[in-house]
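Computed from the coordinates by the stated procedures, all read-outs in this text should not be read as laboratory data. All figures in this text were calculated on a predicted structure; none of them were measured in a lab. Here the Cβ positions follow ideal geometry from the backbone for every residue, glycine too, while neighbour counts run over all protein chains shown.
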Amino acid sequence: MSLPFILFFAFGLLAVAGAVMLILAREPIHSALALILVMICLAVLYLLLGAEFIAAVQIIVYAGAIMVLFVFVIMLLNMGVEERTNFSKFAYVGVVAAFVLLLEIGHWMYHSAIGGATANGAEPAAAFSTVDLSTLLFRSYLFPFEATSILILIAILGALVLARKEE
Amino acid sequence: MEFISQHPVLVVSIVKIAVLLFVVMTALAYLTWLERKVIAHIQARWGPYYVGAHGLLQPLADGLKFLFKEDVTPPISDRLVYTLAPFLALSLALTAIALIPFGPPSVTVLGQPILVVSNINIGFLFLFAITSMGVYGVALAGWSSNSKYPLMGGLRSSAQMISYEVSLTISVVGVLLLAGTLNFNDLIAGQSGYYLHFIPRWHIVPQIVGFLCYFTAAIAETNRVPFDLPEAETELVAGFHTEYSSFKFAMFFMAEYANMITVSCLATILFLGGWLSPFPDSWTWQLFIPGAGLVALGVYCAIDTVTTMRGIARLQFAVVTLLCFGGGLLTLAPAVASLHSSAAWIATVNTGIQGVFWFTAKILAILFFYIWMRGTLPRFRYDQLMSFGWKLLLPVSLANLVATSAVVLYFMMKGPG
């Protein structure tokens with residue numbers, strides 16, 4: 001039992017617990033808090049994989065910016081307790097789909113090299129530095145990177161245009 | 001002993017964390033004293049005066065008072081979130097300080113650098129990750145109190161912190177472009193050297209615009225005057241912490257001051273050369289500045305003890321005087337010794353003292369500036385705050401970023417040198 005192994009299970013379980021809390025909580029703000037917990041646990045898992053830059057960005061972008069907006073909107077609307085509706089019939093389809101998906105993931109993890117290495121408690125891969133990442137992003141994959149940026153910019157502008165009040 | 005030699009990282013880390021926590025907590029307490037004193041003198045008052053000589057024991061008395069006050073929880077508040085908020089605020093604020101290097105990494109015990117708790121490659125990004133979470137303490141406190149004024153304060157502060165965090169981050173990218181690293185130690189080491197042999201090569205010289213943007217955004221980020229709208233007492237009673245009492249209130253209070261210290265440390269590291277001395281190494285007299293400063297303070301205290309202090313205060317101030325003199329001599333001794341001996345440990349002790357002194361001096365200067373502004377400037381109106389953040393600060397910091405990138409690119413194209 002190496003330390004990364006214990007940490008992986010601790011934070012993996014915490015992430016799953018957070019995700020369950022997110023769905024079960026009746027107060028929207030508790031759901032938001034649970035989602036923040038999931039984001040932070042994911043960041044720790046990234047760190048264990050040696051992707052420190054991705055871990056930091058995960059916290060800055062998701063926990064620090066996007067979830068703040070969620071919490072902000074929940075506060076602004078001062079939402080109360082959620083209402084519970086009757087169990088939807090389509091949920092049975094969902095249960096089956098989820099079960100199949102879990103089986104698939106389990107099968108893949110059991111057989112693939114990555115899953116095997118983690119389960120055996122092997123050391124995480126050598127740290128992938130920020131310099132390596134930026135070389136990939138701004139040399140090898142410059143065009144897709146810039147194209148994605150422009151796509152996001154267009155989406156932001158679109159949201160602004162749609163949200164604007166008619167004068 | 002065997003355990004210590006087998007696990008140097010663990011043992012040294014635990015001791016470092018304990019010492020840092022103690023030092024930071026004391027510093028927070030005395031920062032409130034400093035603030036009250038400076039503001040009082042700006043307004044031609046005396047400030048705290050009666051609890052200890054010159055009110056020096058006032059922070060202790062305040063701390064005890066907070067501990068023994070009744071802890072009231074509003075009846076219809078969300079208990080979980082209400083209790084979580086102050087813990088979140090304080091623990092995040094204190095975690096950030098663990099990344100700050102207070103002195104050169106060459107000062108080591110058992111092979112471990114002792115003047116920084118954790119030196120990581122992406123130190124800068126990690127610090128931003130922690131501080132970007134800081135808004136939750138304020139926002140959740142405002143929401144969970146289930147009361148009008150805290151809600152308004154929480155909303156204002158979330159909006160304000162999101163808005164100014166953009167400028168804050170962009171204003172320091174210029175420095176990162178010049179330095180080419182995210183590691184604090186490398187950032188500081190990259191600022192050594194001098195223009196014209198005496199002007200330090202700190203990033204503030206080429207990045208003065210970035211520094212001003214950073215400082216303005218940092219004040220807004222820590223909710224201080226003139227951007228203290230989340231707790232504007234004339235409009236919102238006390239803003240997001242109106243419903244908090246006793247030690248939970250104290251935790252918000254401490255978190256605010258801890259955040260002030262963090263952004264000051266970051267400004268020092270990024271723009272003011274961290275632990276580097278402002279004078280060239282060849283000027284050997286600079287080694288005596290820390291000790292001489294403490295001795296001068298001791299002389300001032302001695303004069304004050306003899307001329308103005310009476311009764312118990314005279315005794316207390318005599319102790320302060322002795323502490324200053326003793327500290328001064330302890331600081332001067334390694335400086336003198338390092339000039340006459342080449343023993344490695346003397347040099348190390350001296351480097352450590354010099355580094356910590358200059359780092360602390362720079363932080364204190366920035367903190368004094370903070371307090372000075374609080375004593376001078378009126379508060380912004382909310383719409384002024386928002387238009388200032390988005391329409392002035394953001395474009396200026398973006399322009400600074402573009403200009404810096406262009407210059408860096410030009411020198412890269414010109415070739416190495």
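The table that follows gives values for the structure above.
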{"item": "Under 28 Å, Cα to Cα: Lys pairs in chain B, sequence gap 8 or more or different chains", "result": "11"}
{"item": "Cubic angstrom per residue, convex hull over Cα atoms of the protein assembly as shown", "result": "223"}
{"item": "Largest-first principal axis extents, alpha carbons of region B:29-98, Å", "result": "43, 32, 21"}
{"item": "Potential lengthening between B:THR308 and B:LYS391 on full extension [0.36 nm per residue; Cα-Cα distance subtracted]", "result": "24.6 nm"}
{"item": "Pair B:THR284, B:LEU57: separation of 7 Å Cα→Cβ label points (nm)", "result": "4.6"}
{"item": "Inter-centroid distance (Cα atoms) of region B:28-106 relative to region B:261-281, Å", "result": "24"}
{"item": "Spin-label model distance (nm) - A:VAL96 vs A:VAL73, 7 Å beyond Cα toward Cβ", "result": "3.3"}
{"item": "Length added when fully stretched, B:ARG79-B:TYR195, from 0.36 nm per residue minus Cα-Cα", "result": "36.0 nm"}
{"item": "Karplus (6.51, -1.76, 1.60) ³J(HN,Hα), θ = phi - 60°, over region B:169-183, in Hz, Gly and Pro reported as x", "result": "5, 5, 5, 8, 5, x, 4, 4, 5, 5, 7, x, 8, 10, 8"}
{"item": "Amide H contacts of B:TYR194 (H built 1.01 Å from N, under 5 Å, at least 5 apart or other chain)", "result": "B:ARG201"}
{"item": "Point-charge dipole on Cβ atoms (K/R +1, D/E -1) for the protein assembly as shown, about Cα centre, debye to 20", "result": "900"}
